Amino acid sequence: MSPRTEQFAVTSVDPPVRGFLHHPSHPNHLGLVFTHGAGGNAKGAMLVSIAEAFADAGYTVLRCDLPFRQSRGFGPPRPSDAQRDQAGLRNAVAEMRKRVSGRVFLGGQSYGGRQATMLCAAEPRLADGLLLTSYPLHPPGKPQQLRLQHFPDIKIPILFIEGTRDPFGSIEEIESAVKLIPARTKIVPVESVGHDLGFSGKRKVSDLPVRVVQEFSAFFAE
């Protein structure tokens, strides 16, 4: 039997939680809430592929739309959206904890991952660990505008998945930045891809989702 996926919505909380819930065939009782970047949504190829790979490995996965995307079908978030987007992730984690008995992890692509780190820096007991793909360390071409002021307050383990050609932060820049994080971290470089990790255009990194699950499971088994 294959993992089952269903549309998911909880509108009794504010912000609402909306997205897709992946039910594994053989649950390991662990949960992952994963969200999208500034230009994407929960239907993006990367999110779908990663969620399916985690579900195949036994994880219950919620890939969710951030509140800014629930309000607007396209376009980037505004600075004023950040607090509400973090509140949406908080609500999504709470819903996941109702569905699994084990640990719950939080993460996302780019902007979504950044909001997850800021939320967990402020609320260190919210999640049991973070999965970050393409963390946007700084705007392209502006390495002086670092987005790491909250890093010293993150107290939970983090797995970073980073393309070696990402203009939002080189591997060397990420390696320097994570030294500010007092929790355990690991950086997984993905060769020859940029911020999209190979999920846009003609080239696809077809084995990446399985690799992410393997790296994640090993990292969080320690």
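Determine the gain in length on full extension of the stretch A9-H23; use 0.36 nm per residue of separation and subtract their C-alpha separation, reporting nm with one decimal. Each step should come with its number before you reach the end.
Working: separation 14, 0.36 × 14 = 5.04 nm, distance 1.49 nm.
Here the answer is 3.6 nm.
Applying the Karplus relation 6.51 cos²θ - 1.76 cosθ + 1.60 with θ = phi - 60° to segment 4-17 yields 3J(HN,Hα) values of 9, 10, 9, 5, 9, 8, 10, 9, 7, 10, 10, x, x, 10 Hz, where x marks Gly and Pro. Around the amide H of V190, modelled in the peptide plane, lie the amide H atoms of E162, G163, T164, all under 5 Å away and 5 or more residues distant in sequence or on another chain.
As a rough footprinting exposure proxy, the listed residues T185, T133 were ranked by other beta carbons within 10 Å of their own, and the order from fewest upward is T185, T133.
Across segment 4-221, C-alpha contacts under 8 Å between residues 6 or more apart give a mean separation that, scaled by the residue count, equals a relative contact order of 17 percent. The 3J(HN,Hα) values that the Karplus relation (6.51, -1.76, 1.60; θ = phi - 60°) gives for segment 171-181 are, in residue order, 4, 5, 5, 5, 4, 5, 5, 5, 5, 7, 8 Hz. Gly and Pro appear as x. Only helices enter this figure: runs of n ≥ 4 DSSP H residues, each worth -39500 (n - 2.57), summed and divided by the residues of the chain, yield -9000 deg cm²/dmol at 222 nm to the nearest 500. Between A221 and Q145, the simple label model (points 7 Å from Cα in the Cβ direction) yields a spacing of 4.2 nm. Ranking H150, P77, Q109 by how far each Cα lies toward the positive end of the dipole of segment 77-222 (charges on Cβ) leaves P77 at the top.
Taking amide hydrogens as placed 1.01 Å from N in the peptide plane, the amide H of T5 sits under 5 Å from those of H23, each at least 5 positions away in sequence or on another chain. With R₀ set to 22 Å, the beta-carbon distance separating T164 from R184 gives a calculated FRET efficiency near 0.45. Remark: spin-label model distance R78-V100 equals 3.5 nm, labels positioned 7 Å along the Cα→Cβ axis. By the rule of a C-alpha distance below 14 Å, with chain neighbours fewer than 8 residues away ignored, the aspartates and glutamates paired with K179 are D153. Listed by chain and number, the aspartates and glutamates whose C-alpha is less than 16 Å from the C-alpha of K98, apart from same-chain residues fewer than 8 away, are D128. Taking the Cα centroid of segment 36-64 and of segment 123-192, what is the distance between the two, rounded to the nearest whole Å? Comparing the Cα centres of segment 36-64 and segment 123-192, I get a distance of 19 Å. Computed over Cα pairs, the Kirkwood radius of the chain leads via Stokes-Einstein (0.692 mPa s, 37 °C) to a diffusion coefficient of 191 µm² per second.
Close amide H contacts of Y59 (hydrogens built in the peptide plane, cut-off under 5 Å, sequence separation of 5 or more or a different chain): N28. Listed values for segment 49-54 are Karplus-derived 3J(HN,Hα) couplings in whole Hz (6.51 cos²θ - 1.76 cosθ + 1.60, θ = phi - 60°), namely 5, 5, 4, 5, 5, 5, and x replaces Gly and Pro.
Quick note: the coordinates plus some simple rules give every number you see, no bench work behind them. What you see is a predicted model; the values in this text were computed from it and never measured. Heads up, the Cβs are rebuilt from the backbone with ideal geometry, glycines too, and the neighbour counts pull from every protein chain shown.
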